[in-house]
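Heads up, the thing below is written out as structure tokens.
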Amino acid sequence: GQRLTSVEFDVARQELHWSFDGDGHLFAWPDDEAEGDCWSLFAVDESSVSCRTDGTLVYDRSGR
């Protein structure tokens, strides 16, 4: 039940930080030992952004 208030991307650390009202926070960062994407975020229009293990962000506007 919290609303997203901001999204920040730290280029140097390849870290994504979501802030929510009510003091909620979510962090995502690359994992050198992970296989495949470290994380993916999907929107209701089926577009997505994924972070690869090397820290590269990949945008897909066409859906999965």
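The values are calculated or read from the model by the stated rules, or taken from the named source; none is laboratory data. In this text, all values refer to a predicted model and were calculated from it rather than measured experimentally. All Cβ positions, even for glycine, are placed from backbone atoms using ideal geometry, and neighbour counts span all protein chains on display. Accessible surface areas use protein heavy atoms only, side chains included; no ligands, DNA or RNA. Shrake-Rupley method; radii C 1.70, N 1.55, O 1.52, S 1.80 Å.
The table for this structure:
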quantity: The chain - Kirkwood radius from inverse mean 1/r over Cα pairs (Å); calculated: 12.7
quantity: Solvent-accessible area, 1.4 Å probe, carbon plus sulfur percent, for the chain; calculated: 47
quantity: Amide H contacts under 5 Å for residue 38, placed H, 5+ residues apart; calculated: 51, 52, 53
quantity: Given charges at beta-carbon only (K, R positive; D, E negative), |dipole| of the chain in Debye; calculated: 260
quantity: In range of the label at residue 11: residues from region 49-63 whose backbone nitrogen is under 16 Å from the point 7 Å along Cα→Cβ; calculated: 55-58
quantity: Solvent exposure of region 6-64 as accessible area per residue, Å², 1.4 Å probe; calculated: 74
quantity: Length-normalised contact order for region 1-53 - Cα pairs under 8 Å, 6+ apart - percent; calculated: 24
